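*Asks:* My questions all concern the structure below.
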Amino acid sequence: MPLAFESESHGTIAFGFFNIYSDLLLLDHYFIFATDFCEAICQFISSKQKEIIVPAYIIEDITKIGDLHGAISGMRYTGFIGETYKAFPFPNDNNDFKQQTDGYINKVVFEKMILKFGSCAVIGLQRNINNQEVTIGPFIFSQENFSRLIEYVIRGGYPQWLDSIAPYYVLKMKESIS
């Protein structure tokens, strides 16, 4: 479930997993697979490059993103998020609401769905040492708030990883941060 995070440039924005059967992350109206996000963070930490390019998707018309709460409840399947919940419904038992560690295996399915509503994009991941900020695409985060985004992914967001076990790409990112 995406949560509210503070950016320096756009105020409060949504960031996070939105379907437990995918590793796709929502960043306002951008979508980034967590496998790509984590790999970019690893490169970001280990390289001297000022910018890392991250593959992403964008849905320009925010009405095409859909209604997360309507889709979760099974009452309103609109836009991209509605399409994902038709294919991968919210579990009947709330105890089964855990981020799946193998969600990355559904990448091709989610790519096909998002391309009905948006397009491929790339976003830059940049650091600004002088003022301790990190930029992801058009969004500027303080170092502290950027760290919160990373912590969210490490936890498996809300509702956290199934059995509290993060997938390999998250563990690799966590290790590179250490």
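The values are calculated or read from the model by the stated rules, or taken from the named source; none is laboratory data. Just so you know, these numbers come straight off a predicted model, no measurement behind them. No Cβ is skipped: glycine too gets one built from the backbone with ideal geometry, and neighbour counts run over all protein chains shown. Only protein heavy atoms, including side chains, enter the accessible area calculation; ligands, DNA and RNA are left aside. Shrake-Rupley method; radii C 1.70, N 1.55, O 1.52, S 1.80 Å.
*Asks:* List the number of the failed condition for Met1; all other conditions in (1) over 17 Å from Ile150 (Cα atoms); (2) assigned to a loop (DSSP other than H, G, I, E, B) hold.
*Replies:* (1)
*Asks:* Which condition does Gln132 not pass, out of (1) touching a residue at least 24 places away in the same chain (Cβ under 8 Å); (2) touching a Ser or Thr at 6+ places or on another chain (Cβ under 8 Å); (3) at positive phi, if it passes all the others?
*Replies:* Result: Gln132 passes all but (1).
*Asks:* Also, I was wondering about something else. Just to be sure I understand, how many residues within segment 120-138 are closer than 27 Å to Tyr85 by Cα and open to solvent by 50 Å² or more (accessible area, probe 1.4 Å)?
*Replies:* 2
Each row is one residue, and each column tells you yes or no for (1) without any contact (Cβ under 8 Å) to a residue 24 or more places away in the chain; (2) outside any strand (DSSP E or B); (3) not polar (S, T, N, Q).
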{"site": "Thr101", "(1), (2), (3)": "no, yes, no"}
{"site": "Cys120", "(1), (2), (3)": "no, no, yes"}
{"site": "Ser147", "(1), (2), (3)": "yes, yes, no"}
{"site": "Ile154", "(1), (2), (3)": "yes, yes, yes"}
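*Asks:* Let me ask another. Considering Phe90, Phe141, Phe117, which residue is aromatic (Phe, Trp, Tyr) and open to solvent by less than 30 Å² (accessible area, probe 1.4 Å)? I'd like the intermediate steps shown before the answer.
*Replies:* On the way: Phe90 fails: open to solvent by less than 30 Å² (accessible area, probe 1.4 Å); Phe117 fails: open to solvent by less than 30 Å² (accessible area, probe 1.4 Å).
When all the criteria are applied, what remains is Phe141.
*Asks:* Also, quick follow-up: How many residues are aromatic (Phe, Trp, Tyr), crowded, with 22+ Cβ neighbours inside 10 Å and under 16 Å from Ile62 (Cα atoms) if we restrict to segment 1-38?
*Replies:* Looking only at that region, the number is 3.
*Asks:* Any residue at all in segment 66-79 that is within 17 Å of Ala121 (Cβ to Cβ) and either surrounded by 15 or more Cβ atoms within 10 Å (Cβ to Cβ) or out of contact with any Cys (no Cβ under 8 Å at 6 or more places or on another chain) (or both)?
*Replies:* There is no residue in segment 66-79 that is within 17 Å of Ala121 (Cβ to Cβ) and either surrounded by 15 or more Cβ atoms within 10 Å (Cβ to Cβ) or out of contact with any Cys (no Cβ under 8 Å at 6 or more places or on another chain) (or both).
*Asks:* Considering only residues that are in contact with a Ser or Thr (Cβ under 6 Å, 6 or more places away or on another chain) and more than 21 Å from Ile177 (Cα to Cα), which ones fall in segment 19-50?
*Replies:* Asn19
*Asks:* Among (1) at pLDDT below 95; (2) open to solvent by less than 20 Å² (accessible area, probe 1.4 Å); (3) closer than 26 Å to Tyr168 by Cα; (4) in contact with a helix residue (DSSP H, G or I) (Cβ under 8 Å, 6 or more places away or on another chain), which single condition is Val54 missing?
*Replies:* For Val54, the exception is condition (1).
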